[in-house]
Amino acid sequence: MVAALPKYDLHTHSTASDGTLPPEELLSRAAERGVELLSLTDHDTVAGIDLLKGHPLLDTVRLMSGVELTASWSGRMVHIVGLNIDTQSAQLRRYLEGLERLRNERAEKICQRLVKAGVPDNELLAKAKKIAGGGSIGRPHFAQVLVEAGVVNNAQAAFKNYLGTGKTGDVKMQWPTFNEAIDVIRRAGGEAVLAHPTKYKMTFTKIRTLVTDFVQAGGAAIEVSYTGITPNHQADLERLAAQKGILVSAGSDFHSPGQSWTDVGKFPAVKDPERHILTQLL
Ligand code: AMP
Ligand code: MN
Ligand code: MN
Ligand code: MN
């Protein structure tokens with residue numbers, strides 16, 4: 001038997017990437033929700049964690065350094081969460097700088113594609129950059145630009161018509177491979193977690209292959225519980241983790257209080273806490 005796990009959330013976002021709460025407000029919200037252990041896992045940046053250094057609420061909420069790395073596997077984009085990383089690792093910092101360049105290049109290309117698709121070229125890039133506020137720029141910032149320009153009614157529609165997988169604004173980049181992502185996380189002293197396996201529009205057969213490769217490459221855990229997952233999918237993933245002898249992780253993937261269906265610390269309980277990655281990390 002393992003001791004009871006604290007109330008935790010190992011996957012969240014702030015304004016350092018595409019979340020809408022500044023890191024301090026995310027931390028307050030976590031404290032209000034009774035979360036005892038929080039990992040801030042912004043896309044391709046640890047800038048939000050830097051900002052929380054010395055925050056008084058860190059006596060109440062334990063912060064675990066994290067990141068969600070954009071990576072490629074078999075020609076597809078996947079997300080690898082790094083937990084308990086040393087954010088001062090020079091190698092990690094260089095790696096993140098490379099991703100920032102790729103994101104900036106992609107932002108320019110997204111703009112060009114949107115204009116080509118008939119969206120009025122009204123300072124799209126400048127507006128997206130302003131919304132990103134110097135943080136990691138991504139498609140959700142363009143979604144907001146499209147909403148504010150009246151091109152679509154909401155972010156969902158922006159993804160459905162312009163930015164989602166296979167749409168014109170889904171610009172393919174040469175992201176680092178997932179082996180590179182796993183390596184940089186491990187060299188920074190952290191553990192690599194495959195984020196939300198059912199969110200890649202892959203068949204379960206494909207997911208099995210992905211998880212097999214992930215274990216082979218040194219991955220430690222797969223997420224089995226997150227916002228929107230069905231009980232069946234969670235059970236499938238927990239079974240897969242047991243079969244592959246890999247640990248499990250979970251988190252809300254919280255981005256914004258505006259998304260009323262998510263909250264910090266809110267996601268279905270993991271069924272087999274003995275396999276939980278926190279048993280290794282705490
Ligand atoms: P990016 O990191 O720029 O590739 O953008 C991916 C992010 O877009 C995800 O982390 C989500 O926050 C958001 N996202 C992806 N698909 C959708 C969708 N269908 N509707 C709303 N947001 C989405
Ligand atoms: Mn996101
Ligand atoms: Mn993700
Ligand atoms: Mn995420």
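The values are calculated or read from the model by the stated rules, or taken from the named source; none is laboratory data. Remember, it's a predicted structure, so these values are computed and weren't measured experimentally. Virtual Cβ from ideal backbone geometry, glycine too; neighbours counted across all protein chains shown. Surface areas here come from the heavy atoms of the whole protein model, side chains and all, with no ligands, DNA or RNA. Shrake-Rupley method; radii C 1.70, N 1.55, O 1.52, S 1.80 Å.
Laid out as a table, the results:
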{"item": "Bins of 5 Å, starting at 0 and running to the largest distance - Cα pair percent for segment 58-131", "result": "3, 12, 15, 18, 16, 14, 11, 7, 4, 1, 0"}
{"item": "Relative contact order, percent, segment 164-265 [alpha-carbon distance under 8 Å, six or more residues apart]", "result": "23 percent"}
{"item": "Whole-number Å³ per residue for the convex hull built on Cα positions in segment 40-165", "result": "131 Å³"}
{"item": "Positive-end residue of PHE178, CYS111, PRO273, charge dipole of the chain with Cβ unit charges", "result": "CYS111"}
{"item": "Under-5 Å amide H pairs with ILE222, H placed in peptide plane, nonlocal only", "result": "LEU194, LEU247, VAL248, SER249"}
{"item": "Around PRO231: net Lys/Arg minus Asp/Glu count, Cβ-Cβ under 12 Å", "result": "-1"}
{"item": "Signed unit charges on C-beta, dipole axis of the chain, positive-most listed residue PHE159, ALA16, GLN91", "result": "PHE159"}
{"item": "Debye intensity ratio in log₁₀ form over the Cα atoms of segment 1-106, taken at each q of 0.24, 0.25 Å⁻¹", "result": "-1.34, -1.41"}
{"item": "Convex hull of Cα atoms in segment 161-242, direction-averaged projection (nm²)", "result": "6.5 nm²"}
{"item": "Rounded to the nearest 20 debye, dipole of segment 149-212 from Cβ charges on Lys, Arg, Asp, Glu", "result": "240 debye"}
{"item": "Restraint check, LYS201/LYS266; LYS160/LYS271; LYS53/LYS271; LYS53/LYS244; LYS116/LYS206; LYS7/LYS160, Cα-Cα greater than 27 Å", "result": "LYS160/LYS271; LYS53/LYS271; LYS53/LYS244; LYS116/LYS206; LYS7/LYS160"}
{"item": "Relative contact order (%) - the chain, alpha-carbon pairs under 8 angstrom, separation at least six", "result": "22 percent"}
{"item": "Under 19 Å from the Cα of LYS129 - aspartates and glutamates, other chains or at least 8 residues apart", "result": "ASP18, ASP42, ASP44, GLU97, GLU100, GLU105, GLU108, ASP121, GLU148, ASP170"}
{"item": "Largest-first ellipsoid semi-axes for segment 235-282, taking √(5λ) over the Cα gyration tensor eigenvalues, angstrom", "result": "25, 12, 8"}
{"item": "For segment 56-61, 3J(HN,Hα) per residue [Karplus equation, 6.51 cos²θ - 1.76 cosθ + 1.60, θ = phi - 60°, Hz, x = Gly/Pro]", "result": "x, 5, 5, 6, 8, 10"}
{"item": "All Cα pairs of the chain, percent lying beyond 22 Å", "result": "56 percent"}
{"item": "Amide hydrogen neighbours beyond the local backbone of PHE254, cut-off 5 Å, H modeled", "result": "HIS13"}
{"item": "Per-residue SASA entry for MET202, accessible area with 1.4 Å probe, Å² rounded to 10", "result": "30 Å²"}
{"item": "In segment 180-238, trypsin sites (Lys or Arg not before Pro) in a DSSP loop with at most 16 other beta-carbon atoms within 10 Å", "result": "LYS201"}
{"item": "Square roots of five times the Cα gyration tensor eigenvalues for segment 188-282, Å", "result": "21, 16, 13"}
{"item": "Cα centre as origin, Lys/Arg/Asp/Glu Cβ charges: the chain dipole, Debye", "result": "820 debye"}
{"item": "Student exercise, segment 202-259 dipole from Lys, Arg, Asp, Glu Cβ charges, in Debye to nearest 20", "result": "160 debye"}
{"item": "Contact order normalised by residue count of segment 1-57, Cα under 8 Å, 6+ apart, percent", "result": "41 percent"}
{"item": "Charge dipole (the chain, unit charges on Cβ, about Cα centre) - positive-most of VAL46, TYR226, ILE207", "result": "ILE207"}
{"item": "Sequence of LYS167, LYS160 when ordered by accessible area, the most exposed leading, probe 1.4 angstrom", "result": "LYS160, LYS167"}
